[in-house]
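Engineer: Have a look at the structure that comes next, please.
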C-alpha cells in the first residue's frame, strides 16, 4: 500500500510539473504575442493549427459567433478551427474552473466573460487564465480597459411600452414609488451578476451622492433616514420591492414589454431590441432618448477576454483578441457594432450612422458604469451588500 501511495504521489507531482511548465509556456507566448504584428501572429497560429490545435472559446454574448466567422474569413487558413460555444453568465466560472487543466476534449482555449471581480478571483489570481493585451493598441484603448482586457461594453437601459403615451419618468426615485409596483421588469440580480454589480455600484460614494441629489430634486428636501445606511440603500430597497421577475432573460423582458401592457418598463440589454417582432418595435421607447433622467437611465458593463492556461494555441488566441479590438473585427458585417448597445474600448471606433444609438461617450454620466476596482475593493463588505440585496429579492 505504501508503495502504491508513493507511486501515486510521484505521478501527481509529475503531472503538476507538466501543467506548470505548460502554463508558463502559455504565459511566455502571450508576452511575446503582445509585441508581434498580426501577420506574425497569423503565421504562428497556422503552425499551432497544423500541429492539431483548434481555438475553442466560450462567450456570454452571442455576437461573438459572428465575430469568429468574420475572423476566419479574414484569416482563411484558420477556417473551421475557431469554435464558439455560448455560456450562461451563471455557470461561466464553474465551467471554466472545472475544465481548465482537466484534459477534457475541446475544453476552452479562451473565454469572453462578464463580471470582472469573479474573473480576477476565480481565474487570473489562480493562474487558470492569463490576460493578453496587444502593445500596438495601448494608445487607443484607455489603460483601465487593458488589464483585464475589455473587448466590448454592453448597456442595459430603461425602456417602456408607450402605447398610452409617455410614462413621464425623469427621476430614478419615481421607480420606487407605489405607482410602479409590479410594473418594472428586471432580471433577478442574484442570478445575473451584471445586474447585481449595477446595484452594488450604487452604494459607492460617487453614486450615493448623486442619489441624494436626485432625491432632493424629486421631494424638495435633503435625504435622511434612521432605517437605511444611505440614499442608495433606500432606493435599492424600494426598487426591488417594485420589481416584477416574471421574465427570466433580457430577451424575454424585451419581447414581453413590447407586446405587453402599456406603461410597463423593463431594464434590459439594449441590443435585445433585435429580438422584438417588427410589429411591436414601435411600442418601445428608450427613456434616455425621450429625456435626461435625473441620476441614471440604466447601466453599462464590461465583457473581458481571457486566455486559458492550458491552451495549445496561445498565438491564435492573441490574434483573435487583436481582431475583436480592431475596427474590422468589431465593426464588420453583422458584428457587435452593427447593433445597438455594443461599444468598443478602442476609442477610434464609433457607432455607425443609422442606428438608434449614440457613441460610448454619450452614455458617460447617464448610466451606472461597472467599476472593477470599486467592487473588488469592497472585500468583506461585499457580503453585506449582497445579503442586503438577496434578502429583498427573496421576499
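Computed from the coordinates by the stated procedures, all read-outs in this text should not be read as laboratory data. Small disclaimer: the values here were computed from a predicted structure and weren't measured. Heads up, the Cβs are rebuilt from the backbone with ideal geometry, glycines too, and the neighbour counts pull from every protein chain shown.
Engineer: Residue separation times 0.36 nm, minus the C-alpha to C-alpha distance between residue 40 and residue 333: what's the value?
Structural biologist: Difference between extended and current length: 103.0 nm.
Engineer: Let me ask something else. Taking the Cα atoms only, what angle lies between the long axis of helix 205-219 and the longest principal axis of the chain, rounded to 10 degrees?
Structural biologist: The angle comes out near 20 degrees.
Engineer: Taking every DSSP beta bridge with both residues inside the chain, roughly what % is antiparallel (nearest 5)?
Structural biologist: Of those bridges, close to 60 percent are antiparallel.
Engineer: Hey, how much of the P(r) for segment 192-234 falls beyond 12 Å, as a percent of Cα pairs? Intermediate results must be reported in sequence, preceding the final value.
Structural biologist: Working: 539 of 903 pairs.
Pairs farther apart than 12 Å: 60 percent.
Engineer: Run the paramagnetic zone check for residue 47: 7 angstrom along Cα to Cβ, then residues of segment 312-338 with backbone nitrogen under 13 Å.
Structural biologist: 313-316
Engineer: Evaluate E = 1/(1 + (r/R0)^6) for residue 178 and residue 274, where r is the Cβ-Cβ distance and R0 equals 35 Å; express this FRET efficiency to the nearest 0.05.
Structural biologist: 0.55
Engineer: Got a sec? How would 77, 312 order by Cβ neighbour count within 10 Å, fewest to most?
Structural biologist: 77, 312
Engineer: When N counts the residues of segment 283-395, how does its alpha-carbon radius of gyration compare numerically with 2.2 N^0.38 Å, as a ratio? Don't jump to the answer; show the numbers that get you there.
Structural biologist: Details: Rg = 18.3 Å, N = 113, 2.2 N^0.38 = 13.3 Å.
Normalised Rg, Cα atoms only: 1.38.
Engineer: From the C-alpha gyration tensor of segment 98-225, pull out the three semi-axes of the equivalent ellipsoid (sqrt of 5λ each), sorted largest to smallest, in whole Å.
Structural biologist: Calculated on Cα positions only, the semi-axes equal 39, 19, 16 Å.
Engineer: Can you divide the C-alpha Rg of segment 56-162 by 2.2 N^0.38 Å and report the result to two decimal places?
Structural biologist: Cα Rg divided by the expected 2.2 N^0.38 Å: 1.20.
Engineer: Does segment 248-309 classify as rounded, prolate or oblate by the C-alpha gyration tensor (a ≥ b ≥ c root eigenvalues; a/c under 1.5 gives rounded; else a/b over b/c gives prolate, otherwise oblate)? Don't jump to the answer; show the numbers that get you there.
Structural biologist: Details: a/c = 2.66, a/b = 1.47, b/c = 1.81.
Oblate.
Engineer: At 222 nm, what value in deg cm²/dmol follows for the chain if DSSP H runs of at least 4 each add -39500 (n - 2.57) and the sum is divided by all its residues, to the nearest 500?
Structural biologist: Only helices count here, giving -12000 deg cm²/dmol.
Engineer: Rg and Dmax in Å for the chain, alpha carbons only: what are they?
Structural biologist: 22.9, 80
Engineer: Then there is this: Just rank 213, 351, 221, fewest to most, by other beta-carbon atoms within 10 angstrom.
Structural biologist: With the fewest neighbours first, 213, 351, 221 line up as 221, 213, 351.
Engineer: To continue, here is another question. So how do 259, 232 line up by other beta-carbon neighbours within 10 Å, fewest first?
Structural biologist: Final ranking by Cβ density, sparse to dense: 259, 232.
Engineer: Rounded, prolate or oblate: which fits segment 351-395 when a ≥ b ≥ c are the square roots of the eigenvalues of the alpha-carbon gyration tensor, with rounded for a/c under 1.5 and prolate only if a/b beats b/c? Show your work: numbers first, answer last.
Structural biologist: Working: a/c = 4.78, a/b = 2.12, b/c = 2.26.
Oblate, because a/c is 1.5 or more while a/b does not exceed b/c.
Engineer: Now a separate question. Nearest 10 degrees is fine. How inclined is helix 38-50 to the longest principal axis of the chain, computing both from alpha carbons?
Structural biologist: 60 degrees
Engineer: With axes computed from alpha carbons, what is the tilt in degrees of helix 250-259 against the longest principal axis of the chain, rounded to the nearest 10 within 0 to 90?
Structural biologist: 30 degrees
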